[in-house]
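Only one structure is covered here, and it is reproduced in the block below.
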Amino acid sequence: MDEEKLDLQSPDIVNQNLEKLADLFPNCVTEGPDGKVVDFDLLKQELNHEVIEGNKERYRLEWPGKREAIVTANLPTTKTLRPIREDSVDFDNTENLYIEGDNLEVLKLLQESYLGKIKMIYIDPPYNTGNDFVYRDHFRKSGQEELIDSGQVDEANQRLVANPESAGRYHSDWLSMMYPRLKLARNLLDQDGLIFISIDDNEVHNLRRVCDEIFGDENLLGSFQWRRRQTTDNRNQTRVSVDHECVLAYSKSSIASLRGKDIDESKYKNPDQDPRGPWASTNLSGLATATQRPNLHYNIVDPKTGIEYAPNPNRGWSKSRETVEKMIDDGRILFPSKPDGRPREKKFLSSLNSTVTGFSTWLESKEVAFNTDGTRELTELLDGKYFDFPKPLKLLTKFIEQGTTEDSLVLDFFSGSSATAHAVMQMNLRDSGNRKYIMVQLSEATNDKSAAYNAGYKTICEIGKERIRRAAKKIKEEKLEKAKKDGLFADFTDEQDYGFRVYRLDSSNMQDVYYSPQDYGQSNLDLFADNVKPDRTADDLLAQVMLDWGLPLSLKIEPATIAGKQLFKVAEDSLYACFDQGIDEDFAKAIAADKPLRIVFKDSGFRNDTAKTNVKQLLKQLSPETEMKVI
């Protein structure tokens with residue numbers, strides 16, 4: 001049993017006074033840069049009958065660190081993404097991406113290549129529950145040595161932040177983590193793109209305010225509620241079982257919308273062989289009282305029987321007397337067989353303006369499942385419980401169905417167990433779509449005492465990648481089995497993309513310059529003979545070039561050999577890249593025949609300075625549309 005240690009210091013009177021003030025005036029205690037503080041202007045107002053002049057009032061969300069969060073989003077990064085072929089599946093042909101690294105840095109790197117190209121983003125960020133969450137903290141001022149010594153960061157410089165509710169920056173730290181990521185994410189969305197964000201009650205109010213600022217409050221599509229818990233939670237002392245979570249949905253612009261829900265056409269029948277086609281019986285009563293709409297309160301007379309049907313005094317009818325009389329003449333009013341029945345409207349399927357209706361913000365459990373279903377799905381797939389609370393596939397496929405078309409690109413930059421990638425593949429299976437995904441996940445270490453660690457999953461990324469591999473294998477086998485049962489095995493071809501390219505965030509491929517020009521000497525001149533770090537490969541360089549040139553990392557890469565040099569052809573002739581040594585005029589003539597749009601070399605790759613000049617001139621003459629660059 002742990003013993004409670006003595007404080008060995010006198011009481012903190014200031015904190016005690018703050019707590020007393022918070023009891024009397026909770027609205028006057030807020031968060032400051034260093035913890036809880038008193039808003040003295042507001043306190044003065046609470047203690048006066050007259051309006052007290054203070055800071056200018058405005059409607060906006062503020063917190064300590066907001067300006068730093070804005071600056072952080074705008075700061076450039078020198079990092080790059082390095083391909084990890086050994087972890088990838090079908091690297092050369094797949095268009096799916098799995099990226100390991102801090103999502104803030106990754107989002108910055110994707111700004112050019114994927115600007116305005118993402119149709120849908122789904123994220124399930126860390127909830128602000130008072131537990132630790134991992135993120136790069138750019139807002140604390142502690143020195144690096146102090147951070148490492150105190151155990152606040154790991155070897156990869158990832159901060160483990162304890163964020164209890166008693167902390168002075170409980171909400172501020174979480175907001176500072178989310179704001180720059182959402183700001184960068186918006187840039188990546190297409191004009192009709194959508195973002196869905198899972199959240200619970202701890203921060204849903206703040207998340208809405210942040211999203212209103214970044215996306216515009218007019219672009220809030222809805223706050224969807226889903227029941228995550230199947231059984232009542234009796235652990236809460238308040239006797240409240242928090243069974244729900246929210247999914248906030250925002251659009252990039254006003255032209256975006258959800259797909260909606262298909263009308264159940266099976267309800268439309270034609271038992272009387274009406275030449276106007278299938279119809280359904282619908283309610284004819286209205287919603288207005290006689291005082292509100294007296295013209296909707298009248299008796300409807302059955303012309304065949306003479307029976308009069310009075311309106312409900314609190315509701316009336318939904319249509320005027322003149323309209324109903326025309327509908328009777330047109331055979332569009334159904335009269336009851338019994339006097340105590342009610343007339344109804346004969347609604348024809350052909351008369352509907354659309355066969356799609358609104359998508360409800362209340363998500364039925366049978367349609368989206370529970371958290372326990374998400375856990376079961378992953379546990380069965382990986383043969384063990386290695387990840388807590390993955391979202392159920394039904395929930396994710398429901399939003400993918402609403403937010404994408406068959407060839408959309410989906411991004412998840414808090415990808416966790418890669419449930420979103422799994423759901424994208426499931427959706428493609430369902431409608432033969434060609435959706436692609438980009439998963440981004442910090443390489444957070446698993447607990448060395450956990451079942452995941454003991455099973456060989458040292459990081460969350462390893463869990464996510466293995467889930468994609470196994471899910472793809474299962475979907476492929478199910479599709480093949482169905483083809484056999486349907487007798488289509490002989491002609492069966494499966495064109496679904498089951499692969500993914502793995503990239504890992506790392507420092508730049510280029511050498512760091514440690515010396516000023518006046519410090520150069522003969523002993524260190526050889527350090528700059530090649531400005532590329534010695535451990536970097538041609539694959540590494542190609543990825544950085546594609547990012548810098550704004551080309552998607554999913555483009556097809558075809559290796560080739562020309563004039564004895566290794567060449568990479570990206571998207572046929574969109575980009576040629578050669579990082580070999582000894583580039584000369586003969587090589588330039590050989591590639592000029594293909595007339596690529598872009599060509600890139602290493603600055604140190606030319607045979608000599610004369611060759612570099614000549615290659616540039618030859619390309620201008622023989623392929624004037626080709627843009628040449630060096631790294």
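The values are calculated or read from the model by the stated rules, or taken from the named source; none is laboratory data. Treat the numbers as computed from the prediction; the structure is a model and nothing was measured. Glycine gets a Cβ as well: all are built from the backbone with ideal geometry, and neighbour counts include every protein chain shown. When the accessible area is computed, the model is the full protein with side chains, heavy atoms only, and any ligands, DNA or RNA have been set aside. Shrake-Rupley method; radii C 1.70, N 1.55, O 1.52, S 1.80 Å.
What the table below lists for this structure:
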quantity	calculated
Residues that are in contact with a helix residue (DSSP H, G or I) (Cβ under 7 Å, 6 or more places away or on another chain), part of a loop (DSSP other than H, G, I, E, B) and closer than 30 Å to His244 by Cα, drawn from the range 318-369	Phe359, Ala369
Residue satisfying all of: in the range 7-22; among the hydrophobic types (A, V, I, L, M, F, W, C) and modelled with pLDDT under 70; surrounded by the fewest Cβ atoms within 10 Å (Cβ to Cβ) among these	Leu8
Matching entry among Asn295, Asn314 (being assigned to a loop (DSSP other than H, G, I, E, B) and open to solvent by 60 Å² or more (accessible area, probe 1.4 Å))	Asn314
Test for Ser241: is it free of Cβ contacts under 8 Å to residues at least 60 places away in the same chain, under 26 Å from Arg186 (Cα atoms) and touching an Asp or Glu at 6+ places or on another chain (Cβ under 8 Å)	no
Residues (of a type in the set (A, V, I, L, M), open to solvent by less than 10 Å² (accessible area, probe 1.4 Å), assigned to a helix (DSSP H, G or I) and within 21 Å of Leu541 (Cβ to Cβ)) located in the range 569-595	Ala588, Ile591
Top-ranked residue of the range 255-271 - restricted to ones that are open to solvent by 40 Å² or more (accessible area, probe 1.4 Å) and farther than 22 Å from Leu194 by Cα, ranked as nearest to the chain's Cα centre (by Cα)	Ile263
1 or more residues at pLDDT 90 or above, surrounded by fewer than 15 Cβ atoms within 10 Å (Cβ to Cβ) and under 15 Å from the mean Cα position of the chain (by Cα): qualifying strands (runs of 3 or more DSSP E) within the range 160-254	none
Unique match (being under 30 Å from Pro126 (Cα atoms) and open to solvent by 50 Å² or more (accessible area, probe 1.4 Å)) among Glu380, Glu322	Glu380
Tabulated pairs, the range 329-344, first under 10 Å from Ile307 (Cα atoms), second at pLDDT below 90, C-beta under 6 angstrom, 6+ apart or interchain	none
Residue check for Ser223: within 30 Å of Tyr114 (Cα to Cα) and in contact with a Pro (Cβ under 9 Å, 6 or more places away or on another chain)	no
Whichever residue in the range 92-116 is touching a strand residue (DSSP E or B) at 6+ places or on another chain (Cβ under 6 Å) and hydroxyl-bearing (Ser, Thr, Tyr) and, among such residues, is surrounded by the fewest Cβ atoms within 10 Å (Cβ to Cβ)	Thr94
Among (1) in contact with a helix residue (DSSP H, G or I) (Cβ under 8 Å, 6 or more places away or on another chain); (2) closer than 30 Å to Leu409 by Cβ; (3) at pLDDT below 95 - the single one Leu555 does not satisfy	(3)
Count of the range 488-528 residues which are open to solvent by less than 60 Å² (accessible area, probe 1.4 Å) and modelled with pLDDT under 90	5
Test: Lys347 is in contact (Cβ under 8 Å) with a residue 60 or more places away in the chain and within 18 Å of Gly286 (Cα to Cα)	yes
Single match in Ala471, Ala483 (criterion: surrounded by 20 or more Cβ atoms within 10 Å (Cβ to Cβ) and in a helix (DSSP H, G or I))	Ala471
All positions within the range 562-593 that are out of contact with any strand residue (DSSP E or B) (no Cβ under 7 Å at 6 or more places or on another chain) and free of Cβ contacts under 8 Å to residues at least 24 places away in the same chain	Gly564, Ala571, Glu572, Asp586
The range 267-289 residues that are at positive phi, paired with ones that are exposed (fewer than 14 other Cβ atoms within 10 Å of the Cβ) (beta carbon under 6 Å, 6 or more apart)	Gly277/Ser350
Filter result (open to solvent by less than 50 Å² (accessible area, probe 1.4 Å) and part of a loop (DSSP other than H, G, I, E, B)) within the range 550-567	Gly550, Leu551, Pro552, Leu553, Ser554, Leu555
The range 596-613: number of residues that are within 18 Å of Gln544 (Cα to Cα) and open to solvent by less than 60 Å² (accessible area, probe 1.4 Å)	7
Close pairs from the range 219-235: first over 9 Å from Ala249 (Cα atoms), partner among the aromatic types (Phe, Trp, Tyr) and open to solvent by less than 40 Å² (accessible area, probe 1.4 Å), Cβ under 8 Å, at least 6 apart	Arg227/Phe370; Arg228/Phe370; Arg229/Phe370; Gln230/Phe370
Those residues of the range 414-434 which are in a loop (DSSP other than H, G, I, E, B) and buried (at least 24 other Cβ atoms within 10 Å of the Cβ), in sequence order	Ser415, Gly416, Ser417, Ser418
